[in-house]
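Undergrad: Please read through the structure below; I'll follow up with questions.
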Amino acid sequence: MHASSHPNAPPVRFRLEPCTLAEAQAIVLVPPPSAPFIPSSSMPQPPQKQQALLLLGHSLEYFRQPNRQLAKGARIHPYRITPSRRTDMHVRWPAPVLAALPKSVTPVTL
């Protein structure tokens, strides 16, 4: 994964490392198989495979509210965001993230 503040700046590489929910800076939320599909303009038809959500920022803070309820069968995978080491040849995508990606999406590292 990479991020950059300016289009001409070199990419800043980072990785997701498993951690406790209290330490999490990102959460992969895998909804239960029984979750209803809500169509949108970018996805008018239901996917063949269950879709995971990557929660960051405000959505992560909303998720952490004490009155938040998690649907039965939903799974969460907390991660901290850390800079990649220069010796990394590529980002190792966590298994839950890879498993939840549709076949049409291929994770890319630059």
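Nothing in this text is a laboratory measurement; each read-out follows from the coordinates by a stated rule. Note that the coordinates shown come from a computational prediction; the quantities given were computed from them, not determined experimentally. Neighbour counts are summed over all protein chains in view; Cβ atoms, including those assigned to glycine, are modelled from backbone coordinates with ideal geometry.
Undergrad: For a quick check of your reading of the filter: which trypsin sites (Lys or Arg not before Pro) in the range 29-77 sit in a DSSP loop and have no more than 13 other Cβ atoms within 10 Å?
TA: Of the trypsin sites (Lys or Arg not before Pro), the ones in loops of the range 29-77 whose Cβ has at most 13 other Cβ atoms within 10 Å are LYS49, ARG64, ARG68, LYS72.
Undergrad: What FRET efficiency comes out for the pair LEU60/ALA35, r = Cβ-Cβ distance, R0 = 22 Å, nearest 0.05?
TA: So the FRET efficiency works out to roughly 0.70.
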